[in-house]
Amino acid sequence: MPLQNFAFSTAYVMVKSVEPRIIPRKEHRISRKHVSPNALRTLYRLHARGFTAFLVGGCVRDLLLGRTPKDFDIGTDATPGEIRRLFRNCVLIGRRFRLAHLHFENEIVEVSTFRRAALPSDSPGTEETGPNTRPPHHRKDEDGMVLLDNVFGTPEEDALRRDFTINALVYNIADFSVIDYSTGLSDLQQRLIRPIGDPRLRFTEDPVRMLRAVRFAASHDFVIEPAAWEILCELSSTISRVSPARLYEEIQKLFLFGSARPGFTLLDKSGLLAALFPSLSRWTYENSRRLALLDANLECLDQLYRSGAPASPALFLAALFGPSLQDTALALHREGIPHQQALDATCAMYMKEISETVSVPGRVGGRLRAILALQASLHRMPPRRPASTIARPEFGEALAYLRFVAETRREHRTPLQWWDHFLLETPSVAPSEPPTDELPAKRRRRRRRKRRGARDTAA
Ligand code: ATP
Ligand code: MG
């Protein structure tokens, strides 16, 4: 048996060996009061029709921690067709693996049929091929990354295909119990992010899990289990195998939901930062004060989130890349290139490099450039035609960026005070809001149509 297949079956047996633990209602803290009424109605309806219906994934983890879940996901043994027949507001999405999205007024509840992970026989070189074979439901590439993951399974198999033990807990609507198929509860208590099964295998199957580990450690103030952390650091460069579109989605979740600062520290320590953004990583290493500068910017980003006014993707990019872009542009300017031209050239160069790994939409990249370009007008004292500067669509984000950098650099405080004072004195000139389509969607389609030869698959 090839080594890779052996490693996989070992992991699979390891995962299977833990007996499910059922925690009755009176022994856990999940109350139906904290579950979205739409998700509850969906669970009850599935149950009333004789189907198994669980809350699954991050919402169970967060309810057990007393946090408000971002969204509610449901797992069931009803097939996509059965789900569609039961719910009129259902839209089936995904070509390979059908997921149901139930559309409510302000919420989408995702209902998915239990599925299982790839088995050893799904590894490369073991597929039967021929004119009459059906398309494979599972497939891995030659390095063991999962390309297709598409077979219905039992509730237990569904839990064990998930990324981390704390994300594999379920809440059963039949008796309001919590079921732990791995070691989720004790890891939750110990505040540990632990991959289910062999970390090397799980990070190889889907390298995006490394970013997710960092994200959960940062957002929940958990620790990545030491052995898994070591492997994560070792495999960090493989993150570039994930499709750029998926990476952009994950990166946004990491930076825009209030834990950008600790997330950035972990990205840097693990080597993920160097793999994702090599120029930025090099820039931080040239001068130790630069890391502190970015830290301060990201702390401001997190404060915005906590204050209920989350940053736009362009402002997050400005917080992260702005100082290095401005430094590079300044160096070009000193060589004789006009300032705006130097900035344009620097932004274009950076965006080209970044988009090889992370696909930042063109309009977001353009907005980042506009935020940085407006800094010159904000710093001109006294400013020329301030009312028309305020009317610019990027003014609000540009001023927010100025506020970020003024935290660490005194020379930015005078212009900031000037603009704050001006806005206070002339309330009739309100800065424009960033366009809402730039803000990250609360619930995105996780499965999307794949181009032939695309780099990876969603989980
Ligand atoms: P959040 O609070 O940010 O929504 P979450 O844990 O709910 O966190 P989602 O991206 O919404 O994260 O995913 C829902 C669930 O799907 C996860 O909890 C996990 O069980 C499973 N999952 C998501 N991505 C992966 C992956 N790459 N590999 C395995 N399981 C995954
Ligand atoms: Mg979620």
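Only one of 216, 255 is of a type outside the set (Lys, Arg) and either open to solvent by 20 Å² or more (accessible area, probe 1.4 Å) or closer than 21 Å to residue 353 by Cβ (or both). Can you tell me which?
Details: 216 fails: either open to solvent by 20 Å² or more (accessible area, probe 1.4 Å) or closer than 21 Å to residue 353 by Cβ (or both).
Every option except 255 fails the conditions.
Are any of the residues in region 251-267 farther than 30 Å from residue 65 by Cβ and either among the small types (Gly, Ala, Ser) or away from ligand 2 (no atom under 16 Å from the Cβ) (or both)?
From region 251-267, those farther than 30 Å from residue 65 by Cβ are none; that's our starting set.
No, region 251-267 contains no residue that is farther than 30 Å from residue 65 by Cβ and either among the small types (Gly, Ala, Ser) or away from ligand 2 (no atom under 16 Å from the Cβ) (or both).
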Original post:
Which one of 376, 348 is farther than 16 Å from residue 279 by Cβ and open to solvent by 20 Å² or more (accessible area, probe 1.4 Å)?
Top reply: 376
**OP:** Select the helices (runs of 4 or more DSSP H) contained entirely in region 271-343, then report the ones holding at least 1 residues which are in the same structural domain as residue 405 (by TED's automatic domain parsing), in contact (Cβ under 8 Å) with a residue 60 or more places away in the chain and within 22 Å of residue 364 (Cβ to Cβ).
**Re:** 288-306, 313-334
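Test residue 142 against the stated conditions and say whether it is in the same structural domain as residue 94 (by TED's automatic domain parsing), modelled with pLDDT under 95 and open to solvent by 30 Å² or more (accessible area, probe 1.4 Å). Break it down into steps so the answer makes sense when it comes.
Details: in the same structural domain as residue 94 (by TED's automatic domain parsing): yes; modelled with pLDDT under 95: yes; open to solvent by 30 Å² or more (accessible area, probe 1.4 Å): yes.
Criteria met by residue 142.
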**OP:** Only residues in region 152-170 that are more than 13 Å from ligand 2 (Cβ to nearest atom) and of a type in the set (Lys, Arg) count as the first member; pair them with residues that are in a helix (DSSP H, G or I) and modelled with pLDDT of 95 or more, Cβ under 9 angstrom, at least 6 apart or cross-chain, and list the lot.
**Re:** none
Original post:
If you go through region 46-70, how many residues are surrounded by fewer than 17 Cβ atoms within 10 Å (Cβ to Cβ) and more than 16 Å from ligand 1 (Cβ to nearest atom)?
Top reply: 4
Original post:
What is the one condition in (1) closer than 19 Å to residue 178 by Cβ; (2) within 16 Å of ligand 1 (Cβ to nearest atom); (3) surrounded by 17 or more Cβ atoms within 10 Å (Cβ to Cβ) that residue 100 does not satisfy?
Top reply: (1)
Original post:
What do you reckon, is residue 337 closer than 29 Å to residue 249 by Cβ and of a type in the set (A, V, I, L, M, F, W, C)?
Top reply: no
**OP:** Residue by residue through region 28-45, note down the ones that are within 16 Å of ligand 1 (Cβ to nearest atom), in contact with a Leu (Cβ under 9 Å, 6 or more places away or on another chain) and among the small types (Gly, Ala, Ser).
**Re:** 39
Subject >> Residues that are crowded, with 16+ Cβ neighbours inside 10 Å and among the aromatic types (Phe, Trp, Tyr), drawn from region 280-315 >> reply: 283, 305
Subject >> Check on residue 410, surrounded by 12 or more Cβ atoms within 10 Å (Cβ to Cβ), assigned by TED's automatic domain parsing to the domain that holds residue 344, closer than 23 Å to residue 289 by Cα and of a type in the set (Lys, Arg) >> reply: no
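Inspect region 182-204 for any residue being touching a Lys or Arg at 6+ places or on another chain (Cβ under 8 Å), at pLDDT 95 or above and over 30 Å from residue 256 (Cβ atoms) and give the result as yes or no. Lay out the reasoning, then the answer.
Looking only at region 182-204, we keep the residues that are touching a Lys or Arg at 6+ places or on another chain (Cβ under 8 Å), and these are 183-185, 187-188, 195-196, 202-203.
Okay, now just the ones that are also at pLDDT 95 or above, so 183-185, 187-188, 195-196, 202-203.
Then keep just the ones that are over 30 Å from residue 256 (Cβ atoms); that gives 183.
Within region 182-204, one or more residues are touching a Lys or Arg at 6+ places or on another chain (Cβ under 8 Å), at pLDDT 95 or above and over 30 Å from residue 256 (Cβ atoms).
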**OP:** Take residue 261 and decide whether it is over 11 Å from residue 211 (Cα atoms), without any contact (Cβ under 8 Å) to a residue 24 or more places away in the chain, in a helix (DSSP H, G or I) and open to solvent by 20 Å² or more (accessible area, probe 1.4 Å).
**Re:** no
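The values are calculated or read from the model by the stated rules, or taken from the named source; none is laboratory data. Note that the coordinates shown come from a computational prediction; the quantities given were computed from them, not determined experimentally. Cβ coordinates were reconstructed from backbone atoms using ideal geometry, including for glycine residues, and neighbour counts include every protein chain displayed. These accessible areas exclude ligands, DNA and RNA; they are computed on the full protein's heavy atoms, side chains included. Shrake-Rupley method; radii C 1.70, N 1.55, O 1.52, S 1.80 Å.
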